[in-house]
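Read the figures in this text as sums done on the coordinates, not as results from a lab. Given the structure is predicted, the values throughout are model-derived calculations rather than measurements. So basically every Cβ, Gly included, is an ideal-geometry build from the backbone, and we count neighbours across all protein chains shown.
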């Protein structure tokens, strides 16, 4: 049973009568037995072609969530290889972020650094299902999204150290992780800014299929956009929900609701804190999932990504998650209560998956320890690499301002500025 | 002649100076400074056509618009008669040619599809190319501009239309943060070959919010190129150049210039984004202008010529970066500069241009640079007030007289 249909619908889905022969579809009724019905419900507006769809999530309806069955007699929902892949990815994210904190306090990286500790289930749960051709768009809390997407740890670390070998040549920094070979489209400092870019990537995917007629047997390229609870009150989010649904773009909107936007509690900032509801308001499925459980996230992600790949359109997935550290390394984190922190610390996604793996006998303790050791080595090597890499030279300052450096214009001598040898050295006046 | 040789030398030397891997400059399309218009025919495969061979070119094409009578200083048209059209049609022709040439070029904006564009620039394109390629967006400038940027990053070449340039203020976040910056912050990994275009400038009693000059707000954004078209000829050429450019380009059109009529060549041509256009060669004073003010300047020039002055008029076209070569050559010849712009006095293109000329050509100036700009007021609705907001030909005449004393 799919996660999307596991949600309990409190009243019958009202499906508008369409033209004869056209099969009405409801994203929530996946089983063929659920025949579309037409009700004259007060909720149905005769003028609207679309039926209002409302769902509650399994978490809210306090149904027993799927995939969390920890009894050893039940079959594991993932294979051993998958489990180890997920474990390794989450451990990589956690260890990397811990190292970032260390390096920051040792003065190796600067500025605003936002760590992802505690939220690994969301990144791993979604990104490990994607192919290289799929795109990921993130926010300033993007180190782990980059790692999950496949950007080497040394490239990310070097970028954080501001070295020329970083994935963005040291020009981006913590909040601007980009990788073209891995289709990581950023890394954005202003919240909400990346969502239109993600929508554009999804538009590109649809365009390639419909206009350029480049078809892939395995479906459209999917874009996954990650952002936080604070962003959900921002206009760009809502505008993009509208456009994505309007054009049925192959995108998944993933809300990492960690309940806090720096020091602003989600409940104090939002009139209706249930973010998943904003999906149906625009006509797309909205699902709430426990973001501390990587298997539950993965289950929902499988469906959301499949929807997008099949051209059925976008989905909004709200992951309830938590960041164990402050908003950034400069945040004293004084406003969050101790009991809230301990509540979520007890639901550490890595500990949870480890428990699951051991209970289902998917791997032994020593194998998991070996993975952790392997990650330790990777991180150490990444730090060494970053440390020993050179900082960008002066000549790099003006590179990459323009894809076509003719954009710097024509100088008084009649030559393009970029033809001046001193230009690349960085000694010419621009 | 020297200019032709210089250009030829430039081209042969270009292969040595530029590392193609790094800069990806296939062929530097440079025009010839001086009297002749800036024309190139750049083929899709990078070769230039016979037009380019400077030594064999006989005539040149009309570079000033029909709004002013062709005066004795311009030569007659070249061999092919060309075809006459209005500026908005020229924009459409350029856009359509590029869309035919490259299926990755697409259009997005409000009412560009079924409505054909609020100024009919995209009329007929949606029936021809489909609703996805000529996309009618909801009213969400910031988001659809961002969407255009995301599409550009992933391989498309979108042309985003602001129904009025002023509406793009809502997209300032995306234009500044993403459009201008992402190529740099990604370390050169993603290019953003987007064109953002739309009508701006002071119209006929459109009110303050529909009469904005965004070039002054955008000029500081690093990573952007700004161009302003003023005639059907350069409108089509700049549109094509902007679409072909790998850089993000903002193309400023003017609400009052859409119905200008001109005869343009039948054969394909692309103009250079970074160049200025010599409108009227002269000797006494250099008048630098762009967009609508070009016509106020040419009107003033008629009076000035009658009074015995010989102004040199340059339409700078490239608002960012400035073509310091054409401008510099002019300053070195006349030693007097007048800038006429429609931006407001504070922080406009004129202020930057003044600074650039002082930095580079101070020794050649015989008089302070005069800059005529619009008043620092929100454009009033009343016709009389609006007229006094922008620079009028009489003020230009007075300024030239003052400069040449």
TODO: Please figure out what share of the DSSP beta bridges in region A:248-330 is antiparallel and state it in percent, rounded to the nearest 5.
DONE: 15 percent
Open item on the list: Please rank B:181, A:99, B:153, fewest neighbouring Cβ atoms within 10 Å first, as an exposure proxy.
Closed with: A:99, B:181, B:153
- [ ] Give the percent of DSSP beta bridges with both residues in region B:200-336 that are antiparallel, rounded to the nearest 5.
- [x] 35 percent
Task: For A:244-253, mean number of other protein chain Cβ atoms within 10 Å - done: 1
Task: Relative contact order [Cα under 8 Å, 6+ residues apart], region A:363-430, whole percent - done: 24 percent
- [ ] Take peptides B:311-320, A:257-266 and line them up by average Cβ neighbours within 10 Å, highest first, as a rough protection proxy.
- [x] B:311-320, A:257-266
Task: Computed over region A:178-218, the ratio Rg/Rh where both radii use C-alpha atoms and Rh is Kirkwood - done: 1.08
Task: Peptide ranges A:382-389, A:402-409 listed from the most packed, as the mean C-beta count within 10 angstrom indicates - done: A:402-409, A:382-389
TODO: Determine the shape class of region A:141-262: with a ≥ b ≥ c the square roots of the Cα gyration tensor eigenvalues, call it rounded for a/c under 1.5, and otherwise prolate if a/b is greater than b/c, oblate otherwise.
DONE: oblate
Task: Normalised convex hull volume, region A:327-404, alpha-carbon set, Å³ per residue - done: 215 Å³
Task: Coordinate range along principal axes, alpha carbons of region B:257-405, Å, largest first - done: 45, 42, 34
- [ ] Over the whole of B:319-326, what's the average partner chain Cβ count within 10 Å per residue? Rounded to a whole number, please.
- [x] 5
Open item on the list: Can you tell me the length gained on complete extension of the stretch residue A:361 to residue A:274, counting 0.36 nm per residue apart and subtracting the Cα distance?
Closed with: 27.7 nm
Open item on the list: Taking the beta-carbon count within 10 Å as an exposure proxy, list B:345, A:417 from fewest neighbours to most.
Closed with: B:345, A:417
Open item on the list: Run the Debye formula on the Cα coordinates of region A:247-347, all scatterers equal and no solvent, and tell me log10 I(q)/I(0) at q = 0.16, 0.18 1/Å.
Closed with: -0.76, -0.90
TODO: First check a/c for region A:339-381, with a ≥ b ≥ c the square roots of the eigenvalues of its C-alpha gyration tensor; if it is under 1.5, answer rounded, and if not, answer prolate when a/b is larger than b/c or oblate otherwise.
DONE: oblate
Task: Averaged over A:412-425, number of beta-carbon atoms from partner chains that fall within 10 Å - done: 5
Task: Calculated log₁₀ intensity ratio I(q)/I(0) where the Debye formula runs over C-alpha points of region B:140-260, q = 0.13, 0.20 Å⁻¹ - done: -0.47, -1.08
Open item on the list: How large is the translational diffusion coefficient of region A:289-430 in µm² per second when you combine the Kirkwood radius over alpha carbon pairs with Stokes-Einstein at 10 °C and 1.306 mPa s?
Closed with: 74 µm²/s
Task: Relative contact order %, region A:244-340, counting alpha carbon pairs below 8 Å whose residues are six or more apart - done: 42 percent
Open item on the list: Give me P(r) over region B:257-317, computed from all C-alpha to C-alpha distances, binned every 5 Å, as integer percentages.
Closed with: 4, 16, 22, 23, 17, 11, 5, 1
- [ ] Compare the peptides B:95-103, B:290-298 by average per-residue count of other Cβ atoms within 10 angstrom and give them in order, highest first.
- [x] B:290-298, B:95-103
Task: Relative contact order, percent, region B:121-250 [alpha-carbon distance under 8 Å, six or more residues apart] - done: 25 percent
Task: Set of region B:261-300 residues, backbone N closer than 15 Å to the point 7 Å along the Cα-Cβ line of residue B:394 - done: B:300
- [ ] Starting from the Cα of residue A:377, step 7 Å toward the Cβ, then list every residue of region A:84-108 with an amide N under 20 Å from that point.
- [x] A:84-97, A:99
TODO: Arrange B:284, B:114, A:182 by Cβ neighbour counts within 10 Å, fewest through most, would you?
DONE: B:114, B:284, A:182
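Residue separation times 0.36 nm, minus the C-alpha to C-alpha distance between residue A:101 and residue A:211: what's the value?
Working: separation 110, 0.36 × 110 = 39.60 nm, distance 4.67 nm.
Additional length available on full extension: 34.9 nm.
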Task: Cβ-Cβ FRET estimate between residue B:256 and residue A:325, R0 fixed at 60 Å, reported to 0.05 - done: 0.60
- [ ] Name the shape class, rounded, prolate or oblate, that the alpha-carbon gyration tensor gives for region B:286-342, where a ≥ b ≥ c are the square roots of its eigenvalues, rounded holds for a/c under 1.5, and otherwise prolate holds if a/b is larger than b/c and oblate otherwise.
- [x] oblate
